[in-house]
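Chemist: The structure under discussion is supplied below as structure tokens; questions concerning it will follow.
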Amino acid sequence: MEKNIVWHSHTISREEREKIKNQKGVTLWFTGLSGSGKSTIANEVEYQLNKKGFHTYLLDGDNVRHGLNNDLGFSESNRKENIRRISEVSKLFVDAGLITLTAFISPFREDRERAKEIIGDFIEIFIDTPFEECSKRDPKGLYKKAMNGEIKNFTGLDSPYEEPLSPDIHIQTTQSDIEESANIVVSYLKEKGFINV
């Protein structure tokens, strides 16, 4: 006797995903000069959120430039495409109910505005560190190379960085350490209802 098997699927909405995770999907967009502390602070924010049981994913140059965007160089058009692709990936993660952290220089206001349009739930975080301080830190030796003419179109030196005019969060790293900076971001998420603690 043939068995009558009924197949039906249940589509999970974004609202249901967010309810299960006890959080709202959002992208935390860290912008600032090379060496400003974007990745360092983003990592600390992710660590603090994970400790509290929240679901996150961090996108930065290391995991994006070597995979998804390994066909892109550093020309202006390639930089724009890099940000566009990151925005589209972030949008998918946000739809999955994740708190997505992105740490990219993203020097142009126009590109950050486009990212905001694509993603929707978008918090712009300006990691404000003076050029002189970044060049002193120089964790990857990029400033030294740029000043010696080995790197062209270096943001802040011979390529512009357009500071956010009204970021959601403005962190001055000469006034806050890593943990304090991360606390500012986590507190903002609580205050705006993206996480329920």
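The values are calculated or read from the model by the stated rules, or taken from the named source; none is laboratory data. Computed from a predicted structure; not experimentally measured. Cβ sites come from the backbone with ideal geometry, for glycine too, and all protein chains shown count toward neighbours.
Chemist: What pairs come out if I take residues in the range 161-182 that are closer than 19 Å to residue 27 by Cβ and pair them with residues that are modelled with pLDDT under 95 and of a type in the set (Asp, Glu) whose C-beta lies under 8 Å away, six or more apart or interchain?
Modeler: Cβ pairs passing all conditions: 170/128; 171/128.
Chemist: Report yes if residue 162 is out of contact with any strand residue (DSSP E or B) (no Cβ under 9 Å at 6 or more places or on another chain) and closer than 19 Å to residue 101 by Cβ, otherwise no.
Modeler: On the way: out of contact with any strand residue (DSSP E or B) (no Cβ under 9 Å at 6 or more places or on another chain): yes; closer than 19 Å to residue 101 by Cβ: no.
Against the criterion (out of contact with any strand residue (DSSP E or B) (no Cβ under 9 Å at 6 or more places or on another chain) and closer than 19 Å to residue 101 by Cβ), residue 162 does not qualify.
Chemist: Quick check on residue 56: is it out of contact with any strand residue (DSSP E or B) (no Cβ under 6 Å at 6 or more places or on another chain) and either closer than 28 Å to residue 133 by Cβ or charged (D, E, K, R) (or both)?
Modeler: Working: out of contact with any strand residue (DSSP E or B) (no Cβ under 6 Å at 6 or more places or on another chain): no; either closer than 28 Å to residue 133 by Cβ or charged (D, E, K, R) (or both): yes.
For residue 56, the condition - out of contact with any strand residue (DSSP E or B) (no Cβ under 6 Å at 6 or more places or on another chain) and either closer than 28 Å to residue 133 by Cβ or charged (D, E, K, R) (or both) - is not met.
Chemist: Considering only residues that are surrounded by 16 or more Cβ atoms within 10 Å (Cβ to Cβ) and touching a residue at least 24 places away in the same chain (Cβ under 8 Å), which ones fall in the range 139-153?
Modeler: Within the range 139-153, 142, 143 qualify.
Chemist: Could you grab me the full set of residues in the range 138-187 that are under 22 Å from the mean Cα position of the chain (by Cα) and of a type in the set (A, V, I, L, M)?
Modeler: Answer for the range 138-187, where residues must be under 22 Å from the mean Cα position of the chain (by Cα) and of a type in the set (A, V, I, L, M): 142, 165, 169, 171, 178, 182, 184, 185, 186.
Chemist: Just to check your reading of the model, which residue among 82, 69, 78 is of a type in the set (S, T, N, Q), touching a Leu at 6+ places or on another chain (Cβ under 9 Å) and in contact (Cβ under 8 Å) with a residue 12 or more places away in the chain? Walk me through it before giving the result.
Modeler: On the way: 69 fails: touching a Leu at 6+ places or on another chain (Cβ under 9 Å); 78 fails: in contact (Cβ under 8 Å) with a residue 12 or more places away in the chain.
Being of a type in the set (S, T, N, Q), touching a Leu at 6+ places or on another chain (Cβ under 9 Å) and in contact (Cβ under 8 Å) with a residue 12 or more places away in the chain holds for just one of 82, 69, 78, which is 82.
Chemist: For residue 20, which of the numbered conditions (1) surrounded by fewer than 19 Cβ atoms within 10 Å (Cβ to Cβ); (2) in contact with a helix residue (DSSP H, G or I) (Cβ under 8 Å, 6 or more places away or on another chain); (3) farther than 18 Å from residue 188 by Cα fails to hold?
Modeler: (2)
Chemist: Identify the residue in the range 64-103 that is over 13 Å from the mean Cα position of the chain (by Cα) and charged (D, E, K, R) and, among all such residues, is modelled with the lowest pLDDT.
Modeler: The qualifying residue modelled with the lowest pLDDT is 65.
Chemist: Evaluate the range 84-99: report whether one residue or more is in contact with a Ser or Thr (Cβ under 7 Å, 6 or more places away or on another chain) and farther than 22 Å from residue 188 by Cβ. Write out each step before concluding.
Modeler: Going through the range 84-99, the residues in contact with a Ser or Thr (Cβ under 7 Å, 6 or more places away or on another chain) turn out to be 86, 90, 93-94, 98-99.
Adding the requirement that they be farther than 22 Å from residue 188 by Cβ leaves none.
No, there is no match, as no residue in the range 84-99 is in contact with a Ser or Thr (Cβ under 7 Å, 6 or more places away or on another chain) and farther than 22 Å from residue 188 by Cβ.
Chemist: Go through the residues of the range 111-130 one by one and say whether even a single one is farther than 30 Å from residue 14 by Cα and either of a type in the set (Gly, Ala, Ser) or surrounded by fewer than 18 Cβ atoms within 10 Å (Cβ to Cβ) (or both).
Modeler: Yes, there is a match, as at least one residue in the range 111-130 is farther than 30 Å from residue 14 by Cα and either of a type in the set (Gly, Ala, Ser) or surrounded by fewer than 18 Cβ atoms within 10 Å (Cβ to Cβ) (or both).
Chemist: Do any helices (runs of 4 or more DSSP H) lying entirely in the range 1-90 carry at least 2 residues that are under 17 Å from residue 104 (Cα atoms), and which ones are they? Walk me through it before giving the result.
Modeler: Working: elements: 14-21, 38-51, 61-64.
In the range 1-90, 38-51, 61-64 are the helices (runs of 4 or more DSSP H) which contain 2 or more residues that are under 17 Å from residue 104 (Cα atoms).
Chemist: Scanning for something assigned to a helix (DSSP H, G or I) and within 27 Å of residue 20 (Cβ to Cβ), does the range 100-109 turn up at least one residue?
Modeler: Initial filter on the range 100-109 (assigned to a helix (DSSP H, G or I)): 109.
This time we only want the ones that are within 27 Å of residue 20 (Cβ to Cβ), so: none.
No, the conditions are met nowhere in the range 100-109.
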